[in-house]
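This report refers to the structure that appears directly beneath it.
The values are calculated or read from the model by the stated rules, or taken from the named source; none is laboratory data. Owing to the predicted nature of the structure, the values given are computational and were not obtained by experimental measurement. Neighbour counts run over all protein chains shown; Cβ positions are idealised from the backbone, glycine included. SASA here: full protein model, heavy atoms, side chains in, ligands and nucleic acids out. Shrake-Rupley method; radii C 1.70, N 1.55, O 1.52, S 1.80 Å.
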Amino acid sequence: MISFRNARLARVGRTLIDHIDWQIHAGQKIGLTGANGSGKSTLFALLRGDLSVESGDLDMPAAWRMGHVMQETPALPTPALEFVLQGDTELCDVEADLREAEATHDGTRIALAHERLQHIDGYAARARASAILAGLGFSQADLQRAVAEFSGGWRVRLNLARALVSRADLLLLDEPTNHLDLDAVLWLEGWLRTYPGTLLVISHDREFLDAVVGYVANIEQQQLRVYSGGYSDFERQRAERLAQQQATFQRQQREIAHLQSFVERFRAKATKARQAQSRLKALDRMERVAAVQAESPFSFRFAAPEHAPDPALQLEKVQAGYRASDSTSDDEADEVQGVTVRVVLDQVQITLRPGSRVGVLGRNGAGKSTLMKLLSGEMPPLHGVRREGRGLCLGYFAQHQLEQLREEYSPLWHLQKIAPEVREQDLRDFWADLIFGVSR
């Protein structure tokens, strides 16, 4: 069991969570929620041992193994399967001991190493790791590819697989559904439901939390409260608690006003002085109920388009693809205008009209991102026609949109680059609606 006793968590001198009294029992699956900056990731750092509590106590079982997703993955030459298996540190230690024992022909150590492998089910470790990688969307051929060959999003998946294979007693997952497609998310939900250890997961995906967790720990107003059930249960219970708190606050305010009125009217009268003094003492002893405060004043709206052409966008018999790599087989490649390409989409027919809401689904590599690039104009068709309605204004948020940002410049600068005609104050107001403080 993990036990917090009157603990306080702070970062750079600023209190994030105060008076934490919380017991996490073995096998519990808990979703950790709260506004950005409320202390969720800092709490994970505390549990990993990267931080310590400012005051109070935190007790953790010394024997528990911990698994978490690394933030960065270097461009390693290690095959993907071997990289993931390194997440099981005990397995790595036993295999290293076995290799050393075999090199020195130490029969006793060899026997003991095999006994330990049997105990930790090490003989099936590669099969388990392969199954996890398959669930997260990796093909059989991917297992022997070097980590360095994968893009950033796929390396995140490798880090997740490495955490899942670790046989951890305590698993800490921070936004694990990022970079996962729908099939991988559904697979992960199923895997976590059967995971026998203790799980803490940070997520903004309410359906994922409903499917996985049995408790929600919410950080709000520097307090951590635990609710039973999934995210939907948490929302209902929290709404009931806040409504009750507000009603209690209003009743108390009426009582305070009544007592104060009595004191002000009769404190100068000798016959009522004792009663007035009694009410003053009652006011001093009263434990005040706080008014309900909005956690986040977030608001957002889409500006009305200046034009709404109908149809907005059309693709007619469109073919799309990429220049074929040297590894592309002859069966996969076609000749298009004298250039060898790998065709991803063919004979695409789409008409988008004003007000349409369209979801794009498909397995990894099926062409979802390619279709979005076609629609946005980022990729020209190999064949066919892409036709925009007159006056169409396109907005496009790409899968790797962060790569388009420049870290050395402010949010305000980025908006000024794409909307130079808009007043600076209007841009600042836009960021303020998104809870950004823009200094320049």
* Show which lysines lie in cross-link reach of Lys281 when reach means a straight Cα distance below 23 angstrom and same-chain residues fewer than eight apart are skipped. => Lys269, Lys272
* To do: Hey, could you grab the Kirkwood Rh for the stretch 132-281? Inverse mean 1/r over distinct alpha carbon pairs, Å, one decimal.
  => 19.9
* Alpha carbons only, please: Rg and Dmax for the stretch 365-426, in angstrom. => 15.3, 45
* Structure fact -> Note on the stretch 209-275: the mean projected area of its alpha-carbon convex hull, in nm², is 6.3
* To do: Determine the percent antiparallel among the DSSP beta bridges restricted to the chain, to the nearest 5.
  => 65
* To do: Grab the eigenvalues of the alpha-carbon gyration tensor for the stretch 82-129, scale each by 5, take roots, and send me the semi-axes largest first in whole angstrom.
  => 20, 11, 7
* **Calculated diffusion of the stretch 104-153, Stokes-Einstein form, Kirkwood radius summed over Cα pairs, 25 °C and 0.890 mPa s, µm²/s** => 184
* Can you give the relative contact order of the stretch 107-213 as a percent, counting alpha carbon pairs under 8 Å and 6+ residues apart? -> 25
* Among Ala161, Ala62, Ala320, whose mean-square fluctuation peaks in a Gaussian network model of the chain (Cα, cutoff 10 Å)? -> Ala62
* **Choice from Arg265, Arg251, Arg128 with maximal GNM fluctuation in the chain (Cα, 10 Å cutoff)** => Arg265
* Rg(Cα) of the chain divided by 2.2 N^0.38 Å? -> 1.32
* Asked: Helix-derived [θ] at 222 nm for the chain: sum -39500 (n - 2.57) over DSSP H runs of at least 4, divide by residue count, nearest 500?
  -> -11500 deg cm²/dmol
* Would you kindly state how much longer the chain becomes between Gln221 and Glu54 on full extension, computed as 0.36 nm times their sequence separation minus their alpha carbon distance, in nm to one decimal? => 58.3 nm
* **For the stretch 85-96, 3J(HN,Hα) per residue [Karplus equation, 6.51 cos²θ - 1.76 cosθ + 1.60, θ = phi - 60°, Hz, x = Gly/Pro]** => 4, 5, x, 8, 5, 5, 4, 4, 5, 5, 5, 5
* **Alpha-carbon Rg with Dmax, taken over the stretch 81-186, Å** => 15.7, 50
* Charged-residue dipole, Cβ positions (Lys, Arg, Asp, Glu), the stretch 140-179 about Cα centre, Debye nearest 20 -> 140
* Straight-distance crosslink candidates among lysines, where the alpha carbon sits under 20 Å from Lys29 and sequence neighbours closer than 8 are dropped -> Lys40
* To do: Would you list, by chain and number, the lysines whose Cα falls below 18 Å from the Cα of Lys373, excluding same-chain residues fewer than 8 positions away?
  => Lys317
* Asked: Kirkwood Rh, the stretch 1-145, all Cα pairs: how many Å?
  -> 18.8
* the stretch 35-80: translational diffusion in µm²/s, Stokes-Einstein, Kirkwood Rh over Cα pairs, 4 °C, 1.567 mPa s -> 96
* Report in % the part of the accessible area of the chain that belongs to carbon and sulfur, leaving out ligands and nucleic acids; probe 1.4 Å. => 49
* Structure fact -> So, relative contact order of the chain in percent, Cα under 8 Å, 6 or more apart, is 14
